[in-house]
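Trainee: Mind looking over this structure? Questions follow.
The values are calculated or read from the model by the stated rules, or taken from the named source; none is laboratory data. The model shown is predicted, which means the values in this text are computed figures rather than measured ones. Don't worry about glycine lacking a Cβ; one is built from the backbone with ideal geometry, like all the others, and counts go over all protein chains shown. SASA here: full protein model, heavy atoms, side chains in, ligands and nucleic acids out. Shrake-Rupley method; radii C 1.70, N 1.55, O 1.52, S 1.80 Å.
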Amino acid sequence: RPRAPSRLPFRSTQEEAHSAQRLRRAMAPSALGKVLIAGLGLNLAHGADLFLASEVAQETLVRALPVFQIDMYRAMSSGSVGTLTEENDDLASLGGVLKYMMTEVIPEYCNSQTRYIRKYGIDAIVRERFKVKNKPFSTTAGSKYTPQLVDFGPFATFDQGQSTNPDLDSVYTQESGDFVGIQINQDPAYAVFMQDPMFWYSVGGFCPNLPWSQMPHPDGQTTSRCVKEGMCDAKGSRDNPNAKCWENGGDVVMGGLCEDGQDVNNSVPEVNPTGESGCTYSYGKPLAVSLDDLTGITQQDCKGGRKCKDWFDFRHNCVDASLQRMYQIGGTGKIVPAKNISDGKLFCVEFDTHPDCQHDCTNPRCQNSEDYEIAIPFWRGRCDPMANQRRVEALAAAAGIEGALKTHQIVDKDIIKLDATCADPQCAPSIIRGVSHGGPYCSRVFSGTCYNCHIRGASQQVPGFQDWPDCPYGVLQGTDYGPAASPGYPHPECKSAKAGDMCCLYFDSCDGSDDPDKASLDVDGLAMVAHHCMKDGTSDPMLKLAARVAKNLGGSLGSNASVVAWAYEQWGSVPMWSDDGEPHHKTFDSFQTSVKSQMTPAPAPAPTPGPTPSPSPGPGPSPGPSPSPGGGSHTGLIVAILAVVLVLLGGGGAAAFYFYRRHRGVNDDYRRG
C-alpha cells in the first residue's frame with residue numbers, strides 16, 4: 001500500500017515530540033497503551049528512546065494484541081464440508097471467493113465441454129469463523145515474516161497441501177514456522193469499487209513442504225514443486241511424519257492449528273489461539289451455502305415443465321435457448337451453439353464471457369453485460385462493480401450475515417461488536433502540528449481485516465490519499481480513534497461544512513438538512529440523505545428524495561421492487577456522493593440521470609373543456625349511409641387501397657415488419673434469459 005512520505009523521518013525536537021506522541025497512539029490504543037508505555041519505562045519524548053521504543057514495542061505490542069475473529073470462505077464440494085481439516089489451505093473473503101468462482105471455476109472458456117460437474121466438483125461455499133493470533137512479527141532487516149494488514153503474515157499459496165512459494169521456505173524453517181497469511185486480491189478481469197477490497201487468506205499446517213499424497217497421481221495430477229524440485233513424497237501424519245518434512249528449532253513444523261482448535265460443535269470456536277508455536281488459529285463449525293440455490297439454478301426451467309434440480313440437471317435439461325450458447329473456443333468472439341463435443345447434444349451455460357473481457361474489464365466492449373456475457377441472471381456483470389457488490393451481499397445474506405440485504409453489512413455484527421484494535425503504525429494517521437491529515441486510518445468494516453482508509457475533505461490531506469477508500473462513517477467512534485481511546489488521536493479539521501466534501505459527515509456537523517423533504521437538491525443534500533439512510537438502516541429517505549427529483553424532472557418515481565432495489569444502491573457504509581472528481585465518487589448529475597431510468601412518465605393533463613355551443617336553428621343532420629357488413633361505409637375502399645400499396649411494394653413492407661418482430665422477439669428472449 002502507498003505510504004505517506006510526510007510521516008517519517010522526524011528531525012526537530014518539536015517534530016520528535018509529535019512522532020513520540022504518534023508512536024504512543026499507534027501502539028497504545030485504549031488500556032493497551034497504558035500497559036505498554038509503563039512497561040517499557042522509556043522517555044518517549046526523546047528521539048533516542050523513540051526508535052528504541054519502536055523496536056522493543058513492536059514485539060511487545062503484537063503479543064499484547066487480543067485474539068481477533070474473522071469469517072473466511074471457501075468454495076468446495078458439499079460432500080466434503082466438515083470432513084477436512086483446514087490447514088495448508090487457502091481461503092478468501094466474500095468478494096475473494098466470488099471472484100475465484102467467476103474467473104477460475106464457472107467460465108465456459110476455461111472448462112471442458114464434456115464435464116458433468118462444476119470444476120473440482122464445487123457446489124457449495126462454506127463460511128467458517130476463525131480466531132487468529134499470529135506469532136510476533138520479525139523486525140530483522142530482510143525478513144519475509146513481516147506484518148500484512150496489521151494482523152497477518154505473508155500469503156502462502158497451497159496446492160494439494162504443499163506450499164508452492166519457495167520465497168517463504170525460510171519463514172517456515174527459520175522464523176515463525178506457522179502463521180495465518182493474507183493477500184489483497186486484485187484482478188483486472190473482475191471489477192470492484194475501491195471500498196470493496198478482496199482478500200485471500202492462507203493457513204499453514206503440518207509439514208507444509210510436502211503434498212497430502214504421493215505425486216504424481218495415477219491420472220497425472222501433480223504439483224509444481226514435485227515437477228521442478230522433486231518434492232513429491234506424501235507428508236505422512238503427525239504421529240508418523242515423513243523424514244523429509246521441514247523442521248523448525250529441531251521439531252517438525254506442525255502448523256498453526258491449535259490443539260482441539262477444530263470445533264465441530266460451535267460456529268465460534270471455543271479455543272483461543274495463544275500466538276505461540278502450534279497455536280495461531282482455531283475455527284468453528286462450517287456453514288454451507290448451496291451454489292445451486294444461491295445462483296437460482298434451482299429456479300431455472302428444465303424439460304418436462306419442472307424446475308431444475310441441480311447443476312447437472314440444468315446443464316443437460318434446461319430449456320432456455322439463450323443459455324444454449326457459448327463463445328467459440330479459440331478467441332474468435334463468435335457465439336456458437338453450446339454442444340457436448342462427445343455426443344453433439346446441446347447443453348446450458350452457467351457463465352461465459354467474450355474473449356476481450358476474459359482478462360481485462362477495461363476493454364470498452366466489457367461495459368454492457370448483454371454485449372459480452374452469456375450467463376444466468378445471478379452471474380451477469382463480472383465487469384460491473386455494482387453487480388459484484390450485489391453478489392457479495394447476496395452471499396453474505398445466504399451465509400447468515402444479518403443486515404446484508406438491508407444495511408450493506410457484510411461483516412457479522414458480533415465481529416464488529418468486538419471492535420478488535422488495529423493498533424499499528426500502519427493505522428496511525430499523519431499528524432502535524434496536532435492536526436490529523438485525514439488518514440491513514442484503519443477499519444475492519446471492509447472484510448474483518450484492518451484495512452487503510454481516508455477521510456476526504458480534511459483541511460490537510462496526506463499525499464496519495466486518493467489510493468485509499470473512504471473510511472466508514474463510524475471510523476472515529478471505535479476503539480482506536482474514538483473518545484475512549486487512551487491516548488486519543490487528534491481528529492481531522494474539515495475544510496468545509498458541505499456534505500459533498502464528506503469530512504463533516506463523520507462528525508454530524510454538516511450544514512443543511514438530511515430530511516428528504518427539505519434537503520437541498522444538489523450533491524450536498526444528496527450526501528446528507530445518503531448518510532441519513534445509513535444511520536437509520538433504511539432506503540426510505542432516498543426514495544423520498546428521488547421522488548422530489550423525479551417530480552422536478554417532469555415525471556414520477558416508480559414504486560415497484562426494482563425501484564426499491566435501486567434506492568438501496570444509492571447509499572452504503574461509506575460516503576459516495578461528491579463533486580470532487582474522484583472516479584469512484586458519484587455526482588448529483590449522475591444521480592438525476594439514474595433517477596430518470598426509474599421514472600414513470602407523468603400523466604398528461606386532462607384537456608380543458610371549451611364552452612358549450614348554442615343550438616343551431618337549422619335542420620338536423622341528415623342520416624348517414626347504412627353500415628356495411630365490414631364495419632363502415634369506407635372500409636372496402638380502405639382495404640382496396642392497402643391492397644394496391646402492398647402489390648406496388650411487392651410485399652417488402654410486410655416482410656420488413658415480420659423480420660423486425662422476429663428480431664425483437666430474439667432480443668426480448670435474450671434479455672429475459
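Trainee: Hey, does the stretch 563-574 have a residue that's of a type outside the set (K, R) and in contact with a Cys (Cβ under 6 Å, 6 or more places away or on another chain)?
Mentor: Yes, some residue in the stretch 563-574 is of a type outside the set (K, R) and in contact with a Cys (Cβ under 6 Å, 6 or more places away or on another chain).
Trainee: Ok, one more. Quick one: in the stretch 506-539, of everything that is of a type in the set (S, T, N, Q) and within 16 Å of F591 (Cβ to Cβ), which residue is surrounded by the fewest Cβ atoms within 10 Å (Cβ to Cβ)?
Mentor: S520
Trainee: Continuing with this model, one more query. Out of G261, G250, G284, I need the residue that is open to solvent by 20 Å² or more (accessible area, probe 1.4 Å) and either more than 30 Å from A375 (Cα to Cα) or not hydroxyl-bearing (S, T, Y) (or both). Which one?
Mentor: None of the others qualify; the one that does is G250.
Trainee: For T407, indicate whether it is among the β-branched types (V, I, T) and either open to solvent by 30 Å² or more (accessible area, probe 1.4 Å) or assigned to a helix (DSSP H, G or I) (or both).
Mentor: It is true that T407 is among the β-branched types (V, I, T) and either open to solvent by 30 Å² or more (accessible area, probe 1.4 Å) or assigned to a helix (DSSP H, G or I) (or both).
Trainee: Please pick out the residue among G181, G177 that is crowded, with 21+ Cβ neighbours inside 10 Å and outside any loop (DSSP other than H, G, I, E, B).
Mentor: G181
Trainee: Could you list, in sequence order, all residues of the stretch 583-600 that are surrounded by 14 or more Cβ atoms within 10 Å (Cβ to Cβ) and not β-branched (V, I, T)?
Mentor: H584, H585, K586, F588, F591, Q592, S594, Q598, M599
Trainee: Can you pull out every residue in the stretch 366-389 that is in a helix (DSSP H, G or I) and in contact (Cβ under 8 Å) with a residue 24 or more places away in the chain?
Mentor: Those that are in a helix (DSSP H, G or I) and in contact (Cβ under 8 Å) with a residue 24 or more places away in the chain: E370, P377, F378, W379, P385, M386, N388, Q389.
Trainee: Next question. Would you confirm, using the coordinates I've provided, whether Y145 is surrounded by 21 or more Cβ atoms within 10 Å (Cβ to Cβ) and not in a loop (DSSP other than H, G, I, E, B)?
Mentor: Answer is no for this residue.
Trainee: Here is a follow-up. State all residues of the stretch 464-481 that are within 18 Å of W571 (Cβ to Cβ), in contact with a strand residue (DSSP E or B) (Cβ under 9 Å, 6 or more places away or on another chain) and either in a loop (DSSP other than H, G, I, E, B) or among the acidic types (D, E) (or both); if no residue qualifies, say none.
Mentor: P469, D470, C471, P472, G474
Trainee: I've got another one for you. Residue by residue through the stretch 101-118, note down the ones that are touching a residue at least 12 places away in the same chain (Cβ under 8 Å) and out of contact with any Phe, Trp or Tyr (no Cβ under 8 Å at 6 or more places or on another chain).
Mentor: Within the stretch 101-118, M101, E104, T114 qualify.
Trainee: Could you list, in sequence order, the residues of the stretch 121-155 that are in contact (Cβ under 8 Å) with a residue 60 or more places away in the chain and of a type in the set (A, V, I, L, M)?
Mentor: Result: I122, A124, I125, V126, V132, L149, V150.
Trainee: I've got another one for you. Considering only residues that are of a type in the set (A, V, I, L, M) and in contact with a Lys or Arg (Cβ under 6 Å, 6 or more places away or on another chain), look in the stretch 324-345 and name the one that is surrounded by the fewest Cβ atoms within 10 Å (Cβ to Cβ).
Mentor: So the residue we want is I335.
Trainee: Search the stretch 219-246 for residues that are of a type in the set (F, W, Y) and pair each with any residue that is not in a helix (DSSP H, G or I) when their beta-carbon atoms are under 6 Å apart and the residues are at least 6 apart or on different chains.
Mentor: Close Cβ pairs (under 6 Å, with a partner that is not in a helix (DSSP H, G or I)) amount to W246/N209; W246/V253.
Trainee: Does the stretch 390-404 contain any residue that is of a type outside the set (A, V, I, L, M, F, W, C), more than 23 Å from A565 (Cβ to Cβ) and either within 16 Å of the chain's Cα centre (by Cα) or open to solvent by less than 20 Å² (accessible area, probe 1.4 Å) (or both)?
Mentor: There is no residue in the stretch 390-404 that is of a type outside the set (A, V, I, L, M, F, W, C), more than 23 Å from A565 (Cβ to Cβ) and either within 16 Å of the chain's Cα centre (by Cα) or open to solvent by less than 20 Å² (accessible area, probe 1.4 Å) (or both).
Trainee: Now for a separate question. Quick check on the stretch 192-209. Is at least one of its residues aromatic (F, W, Y), at negative phi, surrounded by fewer than 20 Cβ atoms within 10 Å (Cβ to Cβ) and under 32 Å from the mean Cα position of the chain (by Cα)?
Mentor: Yes - at least one qualifying residue is present in the stretch 192-209.
Trainee: OK, next. Could you tell me whether the stretch 89-107 includes any residue that is open to solvent by 40 Å² or more (accessible area, probe 1.4 Å) and among the hydrophobic types (A, V, I, L, M, F, W, C)?
Mentor: no
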